[in-house]
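Following: one structure in structure tokens, then a few remarks.
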Amino acid sequence: MSLKLLILGLLMERDMHPYEMIQLVKERNFHKFIKFQEGSLYYAVDQLRKDDCIDVARVVREASRPDRTVYRIMPPGRDLFQELLLEQFKAQKVIEHPLFTALPFAYLGDQAKLAGLIAEKLEQAKAKAELMRGAYHAHVGEVPKSVLHLMAASYMHIVTDVKWLKRLHKDAVEGRLGSFSESWDLDEELDEDWDET
């Protein structure tokens, strides 16, 4: 997701300070499935301001804190938001996974060691799935349904990853990563309403 799209989208919700944007990104767990660096956000805010997409709404002054600049979206920013939103919906992405580069050659490696590493990834994926499930349920009624779709999609991807890692782990434990004769029914995992889409 474009960082500019993220900033403009948050400002479409309400005026806010960049630090508040960072807190919302973390609260909504966007940082779990969007490439996001806090320093880049401040730079992108500056660029959007230079391009007249956003402007200062107010400066909040408190005795014990530095001044906080609260930004609002401007008409050019609303136009850019719509453009970036449509671009993001049109974008095609290659499916990536950290193991994809190594998998074609995994049968040549020490399958016992690989099984141990896969087991670690499996446990990490299970923990992430629980985190995403909790985040989803915690945000029902608190965020728009489009945000819930994002959280649900992330959760469903992780659940699929867990199922796949279980199969991969089993094959590594049993020394079958080099097998040519075995397969499984890919359709057995599909949801019943697959044909309704």
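The values are calculated or read from the model by the stated rules, or taken from the named source; none is laboratory data. The shown structure was predicted, so the numbers you read here are calculated from the model rather than taken from an experiment. No Cβ is skipped: glycine too gets one built from the backbone with ideal geometry, and neighbour counts run over all protein chains shown.
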Exactly one condition in (1) assigned to a strand (DSSP E or B); (2) touching a helix residue (DSSP H, G or I) at 6+ places or on another chain (Cβ under 6 Å) is not met by L84; state its number.
(1)
Residue hits (the stretch 107-148; small (G, A, S) and either in a helix (DSSP H, G or I) or in contact with a Lys or Arg (Cβ under 6 Å, 6 or more places away or on another chain) (or both)) are A112, A115, G116, A119, A125, A127, A129, G134, A135, A138, S146
Within the stretch 81-129, the residues that are within 23 Å of L150 (Cβ to Cβ) and surrounded by fewer than 10 Cβ atoms within 10 Å (Cβ to Cβ) are F89, K90, A91, Q92, K93, V94, I95, E96, P98
Please go through the stretch 144-156 and give me each residue that is surrounded by 15 or more Cβ atoms within 10 Å (Cβ to Cβ) and under 19 Å from L122 (Cα atoms), ordered by number.
S154, Y155
Number of the condition not met by A112 [criteria: (1) touching a helix residue (DSSP H, G or I) at 6+ places or on another chain (Cβ under 7 Å); (2) outside the structural domain of Y42 (by TED's automatic domain parsing)]:
(1)
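When you go through T101, T69 one by one, which is the residue that is touching a strand residue (DSSP E or B) at 6+ places or on another chain (Cβ under 9 Å) and among the polar types (S, T, N, Q)?
Checking each option against the conditions leaves just T69.
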Of these, V45, V25, which one is surrounded by 12 or more Cβ atoms within 10 Å (Cβ to Cβ), closer than 17 Å to K4 by Cα and more than 20 Å from the chain's Cα centre (by Cα)?
V45
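Residue-by-condition table, conditions (1) under 13 Å from L168 (Cα atoms); (2) among the β-branched types (V, I, T); (3) within 19 Å of the chain's Cα centre (by Cα):
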position: L85; (1), (2), (3): no, no, yes
position: F89; (1), (2), (3): no, no, yes
position: L99; (1), (2), (3): yes, no, yes
position: L103; (1), (2), (3): yes, no, no
position: G116; (1), (2), (3): yes, no, no
position: A119; (1), (2), (3): yes, no, no
Take the residues in the stretch 64-81 that are in a strand (DSSP E or B) and of a type in the set (S, T, Y); name whichever of them is nearest to the chain's Cα centre (by Cα).
Y71
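Suppose the filter is touching a Ser or Thr at 6+ places or on another chain (Cβ under 7 Å) and aliphatic (A, V, I, L, M); does V70 pass it? Give the steps one after another, and end with the answer.
On the way: touching a Ser or Thr at 6+ places or on another chain (Cβ under 7 Å): no; aliphatic (A, V, I, L, M): yes.
So V70 fails the test.
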Can you tell me which of (1) more than 30 Å from R167 (Cβ to Cβ); (2) touching a residue at least 24 places away in the same chain (Cβ under 8 Å) is the one M132 doesn't meet?
(1)
Answer yes or no as to whether R61 is among the charged types (D, E, K, R), assigned to a strand (DSSP E or B) and either at pLDDT below 95 or under 24 Å from the mean Cα position of the chain (by Cα) (or both).
yes
